[in-house]
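The structure under discussion appears below in the form of structure tokens.
Bear in mind that the values in this text are calculations on the coordinates, not laboratory data. Worth saying up front: this structure is predicted, and the values here are computed from it rather than measured. Every residue, glycine as well, gets a Cβ built from its backbone with ideal geometry; the counts of neighbours run over all protein chains shown.
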Amino acid sequence: MTTATEVWKIPIAGMSCDHCVRTVSQALSSVPGVESAKVDLPGARAEVTVEPSRADLETLRTAVEAAGYSVPSANGRTNDPAAAPAELDFLTDPARLARLDLTVLEDQVGR
């Protein structure tokens, strides 16, 4: 009998290098119920495969914070892993990201 798993995308704040990625990945992987953790530095998020009956977002948050990083809440909710990805959706949409880059450039150079 196999246990059902879910993939949670969790925002991670405070990472700046590959060492940070390894540290967060190890912290998440050490939580009981976590099957795997893939940490994305540019996206500032982790994709964690969990057994929801054995792990919850607060336990993952505690592990990340113990490693020296943080998990921003989504709209003030701290126990809703499905809500977390919405905070960073603009980073995965090339058109929105290009507009963001253009806006930053225009602000720096002048219009």
**Request:** Using label points projected 7 Å from each Cα along Cα→Cβ, tell me how many nm separate THR49 and ALA13, to one decimal.
**Result:** 3.0 nm
**Asked** Under the classification rounded if a/c is under 1.5, otherwise prolate if a/b is larger than b/c and oblate if not, where does the range 6-85 fall, given a ≥ b ≥ c as square roots of the Cα gyration tensor eigenvalues?
**Response** oblate
**Message:** Report the gain in length on full extension from ALA4 to ASP40: 0.36 nm times residue separation, minus Cα-Cα distance, nm rounded to one decimal.
**Reply:** 10.6 nm
**Item:** Peptide ranges 11-21, 40-50 listed from the most packed, as the mean C-beta count within 10 angstrom indicates
**Value:** 40-50, 11-21
**Request:** In nm, give the distance between the simple-model label positions of GLN26 and ALA66, each being 7 Å from the Cα along the Cα-to-Cβ direction.
**Result:** 1.4 nm
